[in-house]
Amino acid sequence: MNTAAAPPPSPRALARRRRREALRSFAREYARRRAGMVGLAGLLALVVLALAAPLLVDPGDLTVTRAPGAAFEPPSARFPLGTDDYGRSILDLIIWGSRVSLAVGFLATVVSVSLGTLVGITAGHFGAGGGAAGRLLSSVLMRLTDWFLVLPTLVLAVALAAVLPRGTGTIILAIGLTVWPATARLVRAQTLAVEARPYVERARALGGGHLHVMAWHVLPNVLPVVLAQTTLLVATSIIAESTLAFLGVGDPTTISWGGILESARNAGAISSGIWWYMIPPGLAIALVALAFTLCGRALEAVIDPRLREQR
């Protein structure tokens, strides 16, 4: 019996198959990074904890008037991490504060990475093939990036947070507008490498405009670098939010890890030796930053073949 030959797969089906194979290969390579898996497990646990905070903590216990304990109670069975100067559980404050710290870290990173990627791709693309006007635009963008790079990041963020209306949105904007230059320079370097590849030259020869080349040929090839940079910037953003809150320019209406440290400083916990008011939130910040850093380094090792042998 003769059977009809199966039709060849369409180009879209082939593209989807290649993407699935690339994702599986990426997952296998990432799973070989023990430090990256430890960081990923820690992040997943923290995200679950932050999402479950309303189920684990009674918001009424976080108010000053309904605090369940006495001021500065040391760690005990009832309060595993002790209480603050109002009698609120430090453990409850840390669990509840993880929502704000993570949200600010992620959103500020989105602002920073989006701005840095836009500037980096634009500067790299027009600097490589935009003529005299393109090179001028690229030079202006990179001089602006260098200007932001030489400014003290913390001082600029404090200035923005102090000038703008106080709130979580201001903190997100202040952090996002101060940590983008490193992403811009990294993306620009990757864009210049992509622009030199033959398929980009063919796209230009076939009539592809600037927007087409940047969106369909450059952006997909710089996304892996952007992804690795994003995980590293989240840790930086969380530390920056905690620093701003500790300095007193954060959002006073929300509970965050940096805000807990600022309250401990104002209550005299440092001079009084009330360690349970200071160490737990500081340790939470350090562990989250470490987890994101481990994930970011693992992503860098997977993306860069030169680092794959360094486990």
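Remarks
- Total residues in segment 240-255, condition assigned to a helix (DSSP H, G or I) and surrounded by 21 or more Cβ atoms within 10 Å (Cβ to Cβ): 6
- Gly258 meets the stated requirement of being in contact (Cβ under 8 Å) with a residue 12 or more places away in the chain, surrounded by 21 or more Cβ atoms within 10 Å (Cβ to Cβ), of a type in the set (Gly, Ala, Ser) and in contact with an Asp or Glu (Cβ under 9 Å, 6 or more places away or on another chain).
- Against the conditions (1) closer than 30 Å to Val302 by Cα; (2) in contact with an Asp or Glu (Cβ under 7 Å, 6 or more places away or on another chain), Arg99 satisfies every one except (2).
- Criterion violated by Pro152 - all others in (1) within 15 Å of Leu233 (Cβ to Cβ); (2) without any contact (Cβ under 8 Å) to a residue 40 or more places away in the chain; (3) not polar (S, T, N, Q) satisfied: (1)
- Checking Gly39 against (1) open to solvent by less than 40 Å² (accessible area, probe 1.4 Å); (2) out of contact with any Cys (no Cβ under 6 Å at 6 or more places or on another chain); (3) within 30 Å of Thr178 (Cα to Cα), the condition it does not meet: (2)
- Top-ranked residue in segment 79-104 [being polar (S, T, N, Q) and not in a helix (DSSP H, G or I); ranked as nearest to Ser256 (Cα to Cα)]: Ser89
- Being β-branched (Val, Ile, Thr), within 16 Å of Gly129 (Cβ to Cβ) and surrounded by 13 or more Cβ atoms within 10 Å (Cβ to Cβ) is a property that Val226 lacks.
- Any hit, segment 264-279, residues being at pLDDT 85 or above, under 23 Å from the mean Cα position of the chain (by Cα) and either farther than 30 Å from Val187 by Cβ or not aromatic (Phe, Trp, Tyr) (or both): no
- Highlighted here are the helices (runs of 4 or more DSSP H) found entirely within segment 105-187 that include at least 3 residues which are out of contact with any Phe, Trp or Tyr (no Cβ under 8 Å at 6 or more places or on another chain) and surrounded by fewer than 15 Cβ atoms within 10 Å (Cβ to Cβ): 131-150, 153-163.
- Residue within segment 64-86 that is within 26 Å of Ala174 (Cβ to Cβ) and surrounded by fewer than 19 Cβ atoms within 10 Å (Cβ to Cβ) present: no
- Some residue of segment 236-247 being among the acidic types (Asp, Glu), in contact (Cβ under 8 Å) with a residue 40 or more places away in the chain and more than 30 Å from Gly60 (Cβ to Cβ): no
- Selection over segment 12-36 of residues that are assigned to a helix (DSSP H, G or I), surrounded by 13 or more Cβ atoms within 10 Å (Cβ to Cβ) and of a type outside the set (A, V, I, L, M, F, W, C) gives a count of 3.
- Hits in segment 162-207 - residues which are over 23 Å from the mean Cα position of the chain (by Cα) and not aliphatic (A, V, I, L, M): Pro165, Glu195, Arg197, Pro198, Tyr199, Glu201, Arg202, Arg204, Gly207
The values are calculated or read from the model by the stated rules, or taken from the named source; none is laboratory data. Every value quoted in this text rests on a predicted model; they were computed, and no experiment measured them. FYI the Cβ positions are ideal-geometry reconstructions off the backbone, even for glycines, and counts take in every protein chain you see. Protein only, heavy atoms only, side chains kept; ligands, DNA and RNA dropped before computing areas. Shrake-Rupley method; radii C 1.70, N 1.55, O 1.52, S 1.80 Å.
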